[in-house]
Amino acid sequence: MISRGERVANYVILSVFAAFALYPIVVILSAALGPADSGGTAGLANFAAAWEIGRFGSYLRTSLAVSVFVVVVSVVLSVMSGYAFGTMRFRGRSLLFYLFMLGIMMPSEAVAVPLYFDLRSLGLIDTFWSISLPQVALSVAFGTFWMRAYFLASNRAIVEAARIDGASSWRILWQVLLPAARPAVVTLTVLVFMWTWNEFLIPLIMVTSESLRTAPLGLAFFQGQYTSGFTLLAAGSVIVATPVVIFYLFLQRHFVRGLLQGAVRE
């Protein structure tokens with residue numbers, strides 16, 4: 001039983017951490033809604049000005065297309081590979097799983113240059129695929145680890161009962177295990193979407209066309225080329241961050257449930 005003093009102390013500590021987390025957000029929002037450095041706009045007009053000057057409409061469309069592609073492909077592949085590693089026994093299973101784990105242990109900065117030359121030899125540089133495919137590979141590594149842990153902790157009795165009834169491995173995955181794995185899948189979806197949306201290095205290296213710039217990359221060019229004022233830059237930052245915030249708020253209940261269920265517990 002938690003005493004009243006401990007409860008008060010917990011709320012004080014949480015309030016302090018919340019203040020540290022929210023302070024930068026409040027500063028950015030205040031700057032974005034304040035008077036522009038040039039004195040021309042203020043309030044919501046700053047967002048309209050940043051949208052037009054920074055061409056964020058094109059950048060957001062590219063980021064959305066890349067994020068949707070990466071999320072769909074990564075989650076589907078992660079579910080299937082995690083199911084195989086978590087429920088099946090086959091030769092070389094452990095070795096192959098550790099090869100997948102190299103994708104988690106090796107940062108993208110370490111493979112960016114050789115990956116650039118590989119994609120250039122395939123004629124994929126400055127294309128949609130040069131942005132998407134490397135991020136699929138990086139996301140599947142973590143996704144396999146995430147879903148494998150969930151399937152390892154799944155109810156074996158349900159799986160065995162389905163097999164006795166004649167269900168195939170494919171049917172057991174999609175009709176028996178996956179419906180109960182919704183919180184883990186949603187958590188993985190939110191994480192991959194945030195990582196893909198915020199990715200900066202891969203688009204910076206792989207594309208040169210303005211039409212293929214993602215939102216974070218477009219924000220960087222907006223800062224360097226179009227304006228030196230903090231107000232419009234803050235408005236642009238809010239525009240770029242808003243889709244991620246909305247996506248998280250929409251799925252936060254399932255996201256938190258997936259974390260609380262211990263989806264990565266062995």
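The values are calculated or read from the model by the stated rules, or taken from the named source; none is laboratory data. Quick caveat, the model's predicted, so the values are computed rather than measured. In this analysis, Cβ positions are derived from the backbone assuming ideal geometry, glycine residues included, and neighbour counts consider all displayed protein chains. Accessible surface areas use protein heavy atoms only, side chains included; no ligands, DNA or RNA. Shrake-Rupley method; radii C 1.70, N 1.55, O 1.52, S 1.80 Å.
Picking from Val72, Leu233, Ala167, whose Cα lies most toward the positive end of the charge dipole for the chain (charges on Cβ: Lys, Arg +1; Asp, Glu -1)?
Going by the Cα projections, it comes out as Ala167.
Tell me what the chain gives for mean residue ellipticity at 222 nm when only DSSP H runs of n ≥ 4 count, each as -39,500 (n - 2.57), the sum divided by the residue total, rounded to 500 deg cm²/dmol.
So the helix-based figure for the chain works out to -24500 deg cm²/dmol.
Carbon and sulfur: what percent of the chain's accessible surface (1.4 Å probe)? Don't skip to the answer; put the middle values down first.
Working: 10120 of 14900 Å².
C and S atoms contribute 68 percent here.
What residue among Leu173, Leu122, Leu251 shows peak mean-square fluctuation when the chain is described by a Gaussian network model with Cα springs under 10 Å?
Among Leu173, Leu122, Leu251, the largest mean-square fluctuation in the Gaussian network model of the chain belongs to Leu122.
Here are labelled values, (1) 7, 27, 30, 18, 9, 6, 2, 0; (2) 6, 22, 26, 23, 15, 6, 1, 0; (3) 7, 29, 34, 18, 8, 3, 1, 0, and one is the computed P(r) over Cα pairs in 10 Å bins from 0, in percent for what I pasted. Which one?
Matching the structure shown: (2).
Just the number please: accessible area per residue for the chain, 1.4 Å probe, all protein chains included, in Å².
56 Å²
Quick check: the angle from helix 128-152's long axis to the longest principal axis of the chain, C-alpha only, nearest 10 degrees?
The helix 128-152 is inclined about 40 degrees to the chain.
Against the longest principal axis of the chain, how steep is helix 182-198, in degrees 0 to 90 to the nearest 10, with axes from Cα atoms?
40 degrees
Can you pull out the chymotrypsin sites (Phe, Trp or Tyr not before Pro) in the stretch 148-244 whose DSSP state is coil and whose Cβ has at most 16 other Cβ atoms within 10 Å?
Phe200
If you average the sequence gap of Cα pairs under 8 Å that are 6 or more apart and divide by the length of the chain, what percent do you get for the contact order? Intermediate values should be presented prior to the final figure.
Details: 283 pairs, mean separation 89.3, N = 266.
Reported as a whole number, the value is 34 percent.
Just Gln135, Gln175, Gln252 to compare: in a GNM of the chain, with alpha carbon springs under 10 Å, which one fluctuates most?
Gln175
Could you sort 155-162, 43-50 so that the peptide with the highest average Cβ count within 10 Å comes first and the rest follow in order?
43-50, 155-162
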